[in-house]
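The next block holds one structure in the form of structure tokens; read it before the comments.
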């Protein structure tokens, strides 16, 4: 007895919880996006239909936000997957103390985002930061107000920090995928250096390709959600050059106090996340069918 | 043979550079905490920590609010751990052991939850929290954070339960145990290491969390360390050495524990992305 109902009973607590803390907020988000609601009176919104969406999409600032988000996400994914893959290839060999090397490389990913933001802010301090000093010594002019206040450099600085944070995860994941590549082939490739590129292209890449796709999807989502790093380092400035979607949303809600506009931006973000997840699954199953 | 030697050397040098890049910011945190003002703001940076100044760590904890912050972080994290494990074990068991209608939908829902950024949900949660008076409470933060860590916890636990032989359950069921006591008596003890790993993941997810904490907590006495530390930025009167010392104390436990559980996190994340 009970076996028919047993799975639902086991599911129930989590289902109730997810309904209360994910589904209801999501509905509230949809509702808020159709209202004019002030932060000061969050329960007293008035229905305005699509007005928030019209205003958000019509605003040049939001166009800049979308562009910045696109640049940020693409650069983060390319940078973290590229660097992570490179590091995984480096670590994929019989080496003394490889596990120690792997553990040390993991550190940036394990460090709390706030701590990462604080140390990079300090390292990029306009006068005394070690990175600023190093750049000045190399003859790079970062301007008097420093890297993070320079519209030409701030986004690159945020990108470098984000990639520093993300590449270890990619490296660890791809290292374990690489270990599935037949060892004899790797050995053969190592003996005959002329064949290395061929082995990489024909064997290694074929084995790790699906994992690279998955990890690229995760990096896309993680870049879309990255908040505290940018908020602490630049708050989206200077001149909005580092204002990604989540930063825009947060400052609309909690600085401009416009919860309705923020909710509309939130819906755009949710749509983006959905497109990434569904799109990448469609691509990966199409690739599988082809193979 | 020679070329192989050179190849190995190049590889080792490359790995050492990557290790240096990975570790330098934390090293710099440590060094900065242990450097005097005169050398910090001098013409030449001091590259090595002055170990005679180690008292800065004691002072950072003894003076000011950092101990309260760390305590609040630990309380929130402990709550999130307890709640997400108690919700996650039965959820994982249902997903691992039963075939039922709507299973695919549950899996998809978990994936979506895992993919949904916290910052996108902060506005509706804020407005609901205002209505239900959950602002300015550590319990409210526990509830908000658990929702976002539950998917990874459930996936790690599901993977562990998948590995428990069904025969062990059969014999218990013959003895008349109901499904719940089968889960508690047979599965839970066997998957204890994975439960511990999931607990560490949940704990440090909450420990590191910032956006809900900074938005939902106004009372300074309830601030966790992430918010307290971030508040140091641009604030006059707090020395950079103190900021770095507290940051390091905040960072080290997270890094140390993550090194133990990283393979669980990786496989949980990847299986979620794969199957959802």
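The values are calculated or read from the model by the stated rules, or taken from the named source; none is laboratory data. Keep in mind the model is a prediction, meaning the values are calculated, not measured. FYI the Cβ positions are ideal-geometry reconstructions off the backbone, even for glycines, and counts take in every protein chain you see.
Structure values in brief
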item	result
Residue satisfying condition, being more than 28 Å from the chain's Cα centre (by Cα), facing chain B (nearest Cβ under 8 Å) and closer than 26 Å to residue B:260 by Cα, within set A:90, A:95, A:118	A:95
Unique residue being closer than 27 Å to residue B:210 by Cα and surrounded by 18 or more Cβ atoms within 10 Å (Cβ to Cβ) when the list is A:111, A:101	A:111
Flag if residue A:270 is modelled with pLDDT of 95 or more and under 20 Å from residue A:77 (Cα atoms)	no
Every pair of residues 6+ apart whose Cβ atoms lie under 6 Å, when the first sits in the stretch B:10-26 and is more than 7 Å from chain A (Cβ to nearest Cβ) while the second is modelled with pLDDT under 95 and part of a helix (DSSP H, G or I)	none
Qualifying positions in the stretch A:250-272 - within 18 Å of the chain's Cα centre (by Cα) and either closer than 16 Å to residue B:128 by Cα or at the interface with chain B (Cβ under 7 Å from one of its Cβ atoms) (or both)	A:250, A:266, A:269, A:270
Within the stretch A:220-253, considering residues that are touching a residue at least 24 places away in the same chain (Cβ under 8 Å) and on the phi > 0 side of the Ramachandran plot, the one surrounded by the most Cβ atoms within 10 Å (Cβ to Cβ)	A:240
Some residue of the stretch A:144-154 being surrounded by fewer than 22 Cβ atoms within 10 Å (Cβ to Cβ), closer than 28 Å to residue B:255 by Cβ, under 26 Å from the mean Cα position of the chain (by Cα) and away from chain B (no Cβ under 13 Å)	no
Helices (runs of 4 or more DSSP H) lying entirely in the stretch A:58-145 (those with 3 or more residues that are within 30 Å of residue B:77 (Cα to Cα))	A:60-91, A:98-110, A:113-123
Residue within the stretch A:182-201 that is modelled with pLDDT of 85 or more and either surrounded by fewer than 20 Cβ atoms within 10 Å (Cβ to Cβ) or within 22 Å of residue A:165 (Cα to Cα) (or both) present	no
Test for residue B:95: is it surrounded by fewer than 21 Cβ atoms within 10 Å (Cβ to Cβ), over 21 Å from the mean Cα position of the chain (by Cα) and assigned to a helix (DSSP H, G or I)	no
Tally, over the stretch A:119-143, of residues that are modelled with pLDDT under 90 and within 21 Å of residue B:250 (Cα to Cα)	0
Top-ranked residue in the stretch A:210-225 [being within 17 Å of residue A:272 (Cα to Cα) and more than 8 Å from chain B (Cβ to nearest Cβ); ranked as farthest from the chain's Cα centre (by Cα)]	A:216
Looking only at the stretch A:17-34, and only at residues there that are more than 16 Å from residue B:112 (Cα to Cα) and surrounded by 18 or more Cβ atoms within 10 Å (Cβ to Cβ), the one that is nearest to the other protein chains (Cβ to nearest Cβ)	A:28
Any helices (runs of 4 or more DSSP H) falling wholly within the stretch B:146-240 and containing at least 1 residues that are at pLDDT 90 or above	B:192-208, B:211-216, B:225-231
Residue match in the stretch B:200-216 (condition: in contact (Cβ under 8 Å) with a residue 12 or more places away in the chain, away from every other protein chain (no Cβ under 12 Å) and surrounded by fewer than 23 Cβ atoms within 10 Å (Cβ to Cβ))	no
Contacts under 7 angstrom Cβ, first residue in the stretch B:117-129 being facing chain A (nearest Cβ under 7 Å) and crowded, with 24+ Cβ neighbours inside 10 Å, partner outside any helix (DSSP H, G or I) and modelled with pLDDT of 85 or more, 6 or more apart	B:119/A:227
Any chance residue B:135 is over 28 Å from residue A:274 (Cβ atoms) and within 11 Å of chain A (Cβ to nearest Cβ)	yes
Single residue of B:60, B:82 found to be buried (at least 16 other Cβ atoms within 10 Å of the Cβ) and either more than 10 Å from every other protein chain (Cβ to nearest Cβ) or part of a helix (DSSP H, G or I) (or both)	B:60
Among (1) surrounded by fewer than 23 Cβ atoms within 10 Å (Cβ to Cβ); (2) in contact with a helix residue (DSSP H, G or I) (Cβ under 6 Å, 6 or more places away or on another chain); (3) within 19 Å of residue B:202 (Cβ to Cβ) - the single one residue B:150 does not satisfy	(1)
